[in-house]
Amino acid sequence: MQLSILIPTYKQACFSLVEQVHSQAMGIAGLQFEILVADDGTPKDHPSHQDNRQINALEHCQLIVHSENVGRSANRNFLAEKSQYPFLLFIDSHMKVDNDRLLANYIAHLDEKTVVYGGYDIPTPLSREQRHFLRARYEDHCRKQLITEQRQKQPYQNLHTGNILIPKAVMQRLPFDQSFRDYGYEDVIYGKNLQEYNIAILHIDNPVFFSSFESNAAFMEKTRQAILTLVKHRNKLEGYSTLVSYYNKLEKWHLVPLLRLMYKAIRRPLHRNLLSNHPSVTGFQIYKLGLFATTLKQLQETSK
């Protein structure tokens, strides 16, 4: 049994995650493993550097720090190229492992032709403090989509790269799309590409968990970046993005101009709500759709 555990990171202290995974790997008899962490150019004065330097002290572990930001997809491809074993387990650095059989469950499903996705989850029920976070409320609202049986109904559309086992042979044939350099949707396009190449995906119940939730302001900024990515790559993602599907329906019904007007009218109070301690998930969905429509119009006007 041979496994490369690959953790891309940026501005994230992840020594605790590495310790959790390392402990499991050391406890599996006969397992040859490595844990590679690639920091995608985090600024030198960021506090995560001090925490992450401890990674190199662990057996079979290595921290690699890029001198500049290469992008989320390129960083994952770099880790895959650097790895030495035939199976690659990607785990996002902001996750934690509450499941003491995470690695054992993946090892039980090793197959050179199959991608295995274990999913992710959040605490349930959310605490009063956690309900102040927009990200927590949104993930809680979407919880049904996290269930293994639900994911398996549309295996290529319900794929995230934060906890996924990919045979190295598959990665060599189908690396991550490096045109997705900024935040968002690199996992969605990877699911689409896997389907186009007829590569099997197995969904199992083997989740990792959010270690914490970012502030509402930080999550809103991530959302803005993701919408910019979606607008830029909307043609590639058609049929794989719910937001694009909703927009196309509104466009078919000639309702997009009305959406933009409504968004313009409510944007400021909506934004204030989403930054508050009582953010609305429905408001967040309206915000994303309105931002997509507005950003797309701006792009179309500048490209004329």
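Considering Cα pairs under 8 angstrom that are at least six residues apart, work out the relative contact order of the chain and quote it in whole percent.
Numbers: 490 pairs, mean separation 58.9, N = 304.
Contact order relative to length: 19 percent.
Taking +1 at the Cβ of each Lys and Arg and -1 at the Cβ of each Asp and Glu, which of N206, V256, T242 sits farthest along the dipole of segment 169-261 towards its positive end, judged by Cα position relative to the Cα centre?
It is V256.
In whole Hz, with x marking every Gly and Pro, tabulate ³J(HN,Hα) for segment 139-154 from phi via Karplus 6.51 cos²θ - 1.76 cosθ + 1.60, θ = phi - 60°.
Along segment 139-154, the couplings run 5, 5, 4, 8, 3, 4, 6, 7, 5, 3, 4, 5, 4, 5, 5, 10 Hz.
How big is the Cα convex hull of segment 153-197 in projection, averaged over all directions, in nm²? Mind showing how you got there, number by number?
Values: hull surface 13.7 nm².
Reported value for the Cα convex hull: 3.4 nm².
Just want the answer: with Cβ charges of +1 for Lys and Arg and -1 for Asp and Glu, which residue in H94, L126, N216 is farthest toward the dipole's positive end in the chain?
It is N216, whose Cα lies furthest towards the positive end.
Compute the whole-percent fraction of alpha carbon pairs in segment 237-298 spaced more than 14 Å apart. Intermediate values should be presented prior to the final figure.
Working: 1088 of 1891 pairs.
Tail of P(r) above 14 Å: 58 percent of Cα pairs.
In a solvent-free Debye calculation with one equal scatterer on each Cα, what is log10 I(q)/I(0) for segment 179-304 at q = 0.11, 0.16 Å⁻¹, listed in the order of the q values?
-0.47, -0.94
Mind listing P(r) for segment 122-242? All alpha-carbon pairs, 10 Å bins, whole percents.
Bins of 10 Å from zero give 11, 39, 38, 12, 1 percent of pairs.
Please report, in debye to the nearest 20, how large the charge dipole of the chain is about its Cα centre when each Lys and Arg carries +1 at its beta carbon and each Asp and Glu carries -1 there.
Details: 36 positive and 30 negative charges, 331 e Å.
Roughly 1580 debye for the chain.
H60 versus E112, label points 7 Å from Cα toward the beta carbon: distance in nm?
Between H60 and E112, the simple spin-label model gives 2.2 nm.
Using a 10 Å cut-off on Cβ atoms, rank the peptides 285-291, 147-153 from the highest mean neighbour count down. Don't jump to the answer; show the numbers that get you there.
Values: 285-291: 19.7, 147-153: 14.0.
Order by mean packing, descending: 285-291, 147-153.
Provide Rg over Rh for segment 62-141; use the alpha carbon set for both Rg and the Kirkwood Rh (inverse mean inverse pair distance). It would help to have the intermediate numbers written out before the result.
Values: Rg = 16.4 Å, Rh = 15.9 Å.
Taking Rg over the Kirkwood Rh, I get 1.04.
Arrange the peptides 6-18, 96-108 so that the one whose residues have, on average, the most other Cβ atoms within 10 Å appears first.
Per-residue mean Cβ counts within 10 Å order the peptides as 6-18, 96-108.
Using the crude model of +1 on Lys and Arg Cβ and -1 on Asp and Glu Cβ, and no other charge, please compute the dipole size for segment 1-128 relative to its Cα centre, in debye to 20. Mind dumping the intermediate values first?
Working: 10 positive and 15 negative charges, 39 e Å.
Here segment 1-128 has a charge dipole of around 180 debye.
Can you give the convex hull volume per residue for the Cα atoms of segment 29-110, as a whole number of Å³? Provide the component values of the computation, followed by the final result.
Details: hull volume 9.7 nm³, N = 82.
Once divided by residue count, the hull of segment 29-110 is 119 Å³.
Could you run the Karplus curve 6.51 cos²θ - 1.76 cosθ + 1.60 with θ = phi - 60° over segment 94-109 and give me ³J(HN,Hα) per residue in whole Hz, x for Gly and Pro?
Calculated HN-Hα couplings, in order: 8, 9, 10, 10, 9, 9, 6, 10, 4, 5, 4, 5, 5, 4, 5, 10 Hz.
To the nearest 500 deg cm²/dmol, what mean residue ellipticity at 222 nm is calculated for the chain from DSSP H runs of n ≥ 4 alone, each contributing -39,500 (n - 2.57), summed and divided by the residues?
Working: 13 runs with 139 residues, N = 304.
The per-residue figure over the chain is -13500 deg cm²/dmol.
Quick one: Debye curve from the C-alpha atoms of segment 173-212, no solvent, what's log10 I(q)/I(0) at q = 0.16 Å⁻¹?
-0.56
Please turn the phi angles of segment 255-265 into ³J(HN,Hα) values with the Karplus equation 6.51 cos²θ - 1.76 cosθ + 1.60 (θ = phi - 60°), one per residue in order, whole Hz, x for glycine and proline.
Along segment 255-265, the couplings run 10, 5, x, 5, 4, 5, 5, 5, 5, 4, 6 Hz.
Which one, Q152, L274, Q2, projects farthest toward the positive side of the charge dipole computed for the chain from Cβ point charges (K/R +1, D/E -1)?
Towards the positive end, the residue furthest out is L274.
Tell me, how many Å apart are the Cα centres for segment 109-155 and for segment 235-257?
If you average the Cα positions of each part, the centres end up 24 Å apart.
Given Cβ point charges of +1 (Lys, Arg) and -1 (Asp, Glu) and nothing else, what value in debye, to the nearest 20, does the dipole of segment 96-200 about its Cα centre take?
That gives a dipole near 200 debye.
If one puts a single equal scatterer on every Cα of the chain and applies the Debye formula without solvent, what log₁₀ I(q)/I(0) results at q = 0.08 Å⁻¹?
Reported log10 I(q)/I(0), two decimals: -0.37.
Ranking request for peptides 117-124, 295-302, 267-274: highest mean number of other beta-carbon atoms within 10 Å first, then the rest in descending order. The partial results should precede the final answer.
Values: 117-124: 18.8, 295-302: 12.4, 267-274: 14.2.
Ranking the peptides 117-124, 295-302, 267-274 by packing returns 117-124, 267-274, 295-302.
Values in this text are rule-based calculations from the coordinates and carry no lab data. For clarity, every value in this text was computed on a predicted model and none was experimentally measured. FYI the Cβ positions are ideal-geometry reconstructions off the backbone, even for glycines, and counts take in every protein chain you see.
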